[in-house]
Amino acid sequence: MLYSLYETSYYGAAPMRAAALATRNFWSSPLNPAADTPLGRRLFATADLFANMTRRYGKPAWGIDSVTINGTVVRVRPTTVWSSPWCKLTHFARDMSDLRRAGKTELEPALLIAAPLSGHYATLLRGTVEAFLQDHDVFITEWTNARDVPFVEGRFDFHDYINHIRDMLRQMGPRPHVVAVCQPGPPVLAAAALMAEDNEESRPASMTFMGSPIDARLSPTVTNKLAEDRPFAWFESNMIYNVPPPYMGTGRRVYPGFVQLASFMSMNIEKHKEAHQNYLKQLMAGDGDSADKHLEFYDEYLSVLDLTEEFYLQTVDVVFQRHLLPKGELFHEGRRVRPERITDIGLMTVEGENDDISGIGQTQAAHYLCLSLPPELKEDYVQPHVGHYGVFNGKRFREEIYPRVRDFVRKVEHAQPRANVRQPVATSADVVPIRSRIAKS
């Protein structure tokens, strides 16, 4: 019912939104002699704010056409190399001739960024991707909005997530590296443990967990306490709704993205109010640069996707209520997940000092679970003065966190036998291993 009311309110506001857009266009037109007056700027700013607050925010574009490496512009082309109804594996293919001009003449590690399936699109990690493109052959998981998946495609749950990670690592060939940002930590660790126990050729060479709730019992945050204090039935009764027409997934039970967004914004409501008030003042003052930065942030932040009922509820149950992975009680398809069976996969954990989503210690717990790893394959880092978002994006990430992750990946990569080097195979969505390499022009 809530989902239908949400959609009704959006379409009901259409006339006012159209009026606001017309007003905005009128008072921003260069043909309007009063556009640059205090009254004109005030009317423009008010109309623009209303239009932006009531419009639909779709999936953002990556906008990564190039990256600068060693002072040389290297062209980048995002390409889908594997897909399912629930996810596509996107490869950010860098131009080989540009890489040679930038001095990149050696093979570079293939690296999978496991994007969170927790309400936002993978494009929230745009800055993360751009950083890793400096020194890696980058792939990323792009999860599908559950409301766009037809009902006939069936379910997608926590264990399907694990299987998807395993399938995508297999597409990348022997011993790729994986970086799990926030939510994917537990399922990625589970996938790595299963692949290690099976001695799979494509088990990760290293895994880096950034702000992940590996053990949510440690340093519990407001989010963790909410999940623990509420009974499981409360989440099932209050957070799950049916997708209404006209979406492809009509009838599917989901945790709506707008509910997740409302929860996030309520945690810092005063901060968001202040940001929009400042945006209004910037427009009225003609400060276009600051206003553009505000729009850039909220265009991404307000773009959300729905999660399937089963994935959301299982995540609450497995990760935040029963803590099955750290307690050694997680089973996947009848098998116990055993992180202690990991013996040759590098492990790095990264946390933020001021993280209010995954408290300090929750990610570090991976080290205690991977008991069989030697010290030289482990590394832990806590970044001072950053919150959750700063762990994987922003200036401190680029200048202080990323170099440490890059050096760790290099150390592990150089320790791998050269027989594990992957050769490039040009594919689109085939089920054969793919790996773009500098050796191929």
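So for the stretch 311-328 (the condition being in contact with a strand residue (DSSP E or B) (Cβ under 6 Å, 6 or more places away or on another chain) and at pLDDT 95 or above), does at least one residue qualify?
Yes - at least one qualifying residue is present in the stretch 311-328.
In summary, Glu142 fulfils each of the numbered conditions (1) of a type in the set (Asp, Glu); (2) farther than 27 Å from Arg396 by Cβ; (3) assigned to a strand (DSSP E or B) with the single exception of condition (2). All told, Ala193 meets the bar of being surrounded by 24 or more Cβ atoms within 10 Å (Cβ to Cβ), aliphatic (A, V, I, L, M) and closer than 21 Å to Val409 by Cα. The residues of the stretch 1-10 that are within 18 Å of Leu49 (Cα to Cα) and at pLDDT 85 or above amount to a single one, Ser9. Scanning the stretch 412-434 turns up at least one residue that is modelled with pLDDT of 95 or more and either over 26 Å from the mean Cα position of the chain (by Cα) or in the same structural domain as Leu189 (by TED's automatic domain parsing) (or both). Looking only at the stretch 196-213, residues that are outside any helix (DSSP H, G or I), under 22 Å from Val412 (Cα atoms) and touching a residue at least 60 places away in the same chain (Cβ under 8 Å) come to 11 in all.
When the criteria are applied in full, Leu124 meets the requirement of being assigned to a helix (DSSP H, G or I) and under 26 Å from Ala180 (Cα atoms). If you take the residues of the stretch 75-98 that are hydrophobic (A, V, I, L, M, F, W, C) and out of contact with any strand residue (DSSP E or B) (no Cβ under 6 Å at 6 or more places or on another chain), which of them is surrounded by the most Cβ atoms within 10 Å (Cβ to Cβ)? Across the stretch 75-98, the extreme among qualifying residues is Trp86.
What are the residues in the stretch 347-360 that are touching a strand residue (DSSP E or B) at 6+ places or on another chain (Cβ under 8 Å), surrounded by fewer than 19 Cβ atoms within 10 Å (Cβ to Cβ) and either closer than 20 Å to Val412 by Cα or in contact (Cβ under 8 Å) with a residue 60 or more places away in the chain (or both), if any? Result: Ile360, single match. Residues in the stretch 145-179 that are part of a loop (DSSP other than H, G, I, E, B) and buried (at least 24 other Cβ atoms within 10 Å of the Cβ) were compared, and the one that is farthest from the chain's Cα centre (by Cα) is Arg175. Pairing residues of the stretch 362-382 that are in contact (Cβ under 8 Å) with a residue 40 or more places away in the chain with residues that are in a helix (DSSP H, G or I) and among the polar types (S, T, N, Q), at Cβ distances under 9 Å and at least 6 apart in sequence or on separate chains, gives Gln362/Asn224. Of all residues in the stretch 27-74, those satisfying the criterion of being under 30 Å from Asp98 (Cα atoms) and surrounded by 14 or more Cβ atoms within 10 Å (Cβ to Cβ) are Lys59, Pro60, Trp62, Ile64, Ser66, Val67, Ile69, Thr72, Val73, Val74. Only a single criterion out of (1) at pLDDT 90 or above; (2) more than 30 Å from Tyr247 (Cβ to Cβ); (3) not in a helix (DSSP H, G or I) is not satisfied by Leu117, namely (2). Here is the figure for the stretch 56-72: residues that are under 24 Å from Leu305 (Cα atoms) and β-branched (Val, Ile, Thr) total 1.
The values are calculated or read from the model by the stated rules, or taken from the named source; none is laboratory data. This structure is a prediction, so every number in the text was calculated from the model and none was measured. Using ideal geometry, Cβ is built from the backbone for each residue, glycine included, and neighbour counts are taken over all protein chains shown.
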